[in-house]
Amino acid sequence: MTVSVELTDITVRFGALTAVDGVSLALTPGEIHAVVGENGAGKSTIMNVLFGLIAPDEGAIQMNGETRTWRTPQDAIAHGIGMVHQHFMLQDSMTVLENVVLCAEPVRGGGFVDFSSARRKLEDIASRYGIRIRLNARVETLSVSERQMVEILKVLYREAEVLILDEPTAVLTPQETESLFTILAGFKAAGKSIVLITHKLDEVMRIADRVSVMRGGKLVASGPLAETSKQEIAKGIIGGDLPAPRTRAPHRPGAPVLSVEELELKGTNRPIGPISLTVCESEIVGIAAVAGNGQSELIEALVGLRPISSGEATLLGKSVSSLDVSQRRALGLSYIPTDRQRVGLALEGRVSENAIIGRELQQKFRRGLFQVRTAIDGFARELIDRYQIKVAGPRARASSMSGGNKQKLVVGRELSRRTPLVIAENPTWGVDIGAIEFIHEELVQMRDDGHAILLVSTEIDEILALSDRILVMFEGKIAGVFDGVGADRLEIGALMTSHALHEIGQGAA
């Protein structure tokens, strides 16, 4: 069964904020439809309307010519709509099979779950679309790309004909992205409608059949990809031309700021290390790795969230191995975590409260035992303006922002501390092209001003664009070391997914 969908004059308001303003979109079977726009442009909001997560204030949904109204996402799912969210919604302690059938369990006599029939159905789906996954594996043992496949299997198991994918390649390697695109091509050939919410214009140009551009809650352009260009799409997203790329100063590193010697620690899936590396003044050192290869555990150990088994880490010549997070931050470390939802923000707190995390005791924000609310709101407003964070204001809840705007708040808060060392994990995850350029400029400017930056990213292009030196991690160890100038993208991608076939670099990184 094929499903045609029309969204007509959809309007969504959150208080005084109009998130989607009279937008109409059509989804066609056998077509990949890319929806692009800045953070807060309304693209995820309108797809959440289609999936039943948000009720529109105005407008209608039509499927195969019939008007539909969703009370819950279960209504949308029952009519063939499926959505894979940017933040996965899986139970780590459960198996792939258990996650897929959760809340849709087939039941046999006696009220027991019929896992055998569910397994047969899933194996058939996986075989049909070339999806390789271990149904008995616990989700906590899977890589990011495998977890994404579990989310996609959940959608297919519920027989979705319209698939909405929110930033599906945000944390995938080039090789994993290729695999996903092959699978999406199979969905397209089977007559499914695919909606791709993304910021990656190169991927849009490669895989999409149609592209719709949103800006400020409005639809500013929509049509066949063949009738537009990458430049026109970019102009539509930001309302003008992108700024010219910033010229980087030559790499002239100063004294070591962060030194790591033979560091070892317990990882989630395997021991990590021994790892040795240095990050100097006026230097960006990039770590390229597929999720699950120890880079997150390494960063947690460096910022004080995970104990070190052996070895030494020093910041500005002082050992930090026994210091807690606040002590390391006070010594001169800022941290942009990859998990803005769980680590970066207190989602139920106000934007202003999140903006001063780590600065709560500064004199300008306190008068005796009491906080100076006007000063806190003023500082938050400065970050909102500088980083173009779309939010109702400093007093709004952090949870009210889109994913990309949450990221910009965390990045702005941490970079504004101007500490000697910045550790940044996937700093541009889920942000729009204009914000990516701005954040990259901020990082390069800090490097040029003498700061040391340790950058961890699953985006090879980001690593190549910013890094003076590049370290590749695989299975808890450093698999290769590259000079940032002239590093080979494909070779780095290959090392991210397999053991080094030959030694690249010797000794400490």
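Just a few scattered comments:
- Label-point separation, D488 to A16 (7 Å along Cα→Cβ), nm: 5.7
- Cβ crowding within 10 Å ranks K318, K200 as K318, K200, fewest other Cβ atoms first.
- Relative protection proxy for 211-220, 301-310, from highest mean packing down: 211-220, 301-310 (other beta-carbon atoms within 10 angstrom).
- Segment 27-42 and segment 384-414 have their alpha-carbon centroids 23 Å apart.
- The residues neighbouring M205, those whose beta-carbon lies less than 14 Å from its own, together hold a net charge of -1 under the Lys/Arg +1, Asp/Glu -1 convention.
- Mean silhouette area of segment 314-431, derived from the convex hull of its C-alpha atoms and averaged over all directions, reads 7.6 nm².
- Where labels lie 7 Å past Cα in the beta-carbon direction, separation of D124 and F181 in nm: 3.2
- Counting only DSSP beta bridges with both residues in the chain, the antiparallel share comes to about 55 percent.
- In order along segment 482-488, the phi-based Karplus estimate (6.51 cos²θ - 1.76 cosθ + 1.60, θ = phi - 60°) of 3J(HN,Hα) comes to 10, 6, x, 7, x, 5, 8 Hz; Gly and Pro are listed as x.
- The order of the peptides 415-427, 383-395, 65-77 by mean Cβ neighbours within 10 Å, most packed first, is 415-427, 383-395, 65-77.
- For the peptides 466-472, 54-60, 362-368, residues were scored by their other Cβ atoms within 10 Å and the scores averaged per peptide; the highest-first order is 466-472, 54-60, 362-368.
- Going from the fewest other Cβ atoms within 10 Å to the most, the residues H251, H199 appear in the order H251, H199.
- Anchor K121: lysines whose Cα lies under 28 Å away (excluding residues fewer than 8 positions away in-chain): K154, K188, K192
- Residues of type lysines that K235 reaches as a straight line, Cα spacing below 22 Å, ignoring anything fewer than 8 places off in the same chain: K43, K200, K218, K390, K408
- Counting neighbouring beta carbons within 10 Å and listing from fewest to most, the residues K188, K43 come out as K188, K43.
Computed from the coordinates by the stated procedures, all read-outs in this text should not be read as laboratory data. The structure displayed is predicted, hence computed values, not measured ones. With ideal geometry, Cβ positions are generated from the backbone for all residues, glycine too; neighbour counts draw on all protein chains shown.
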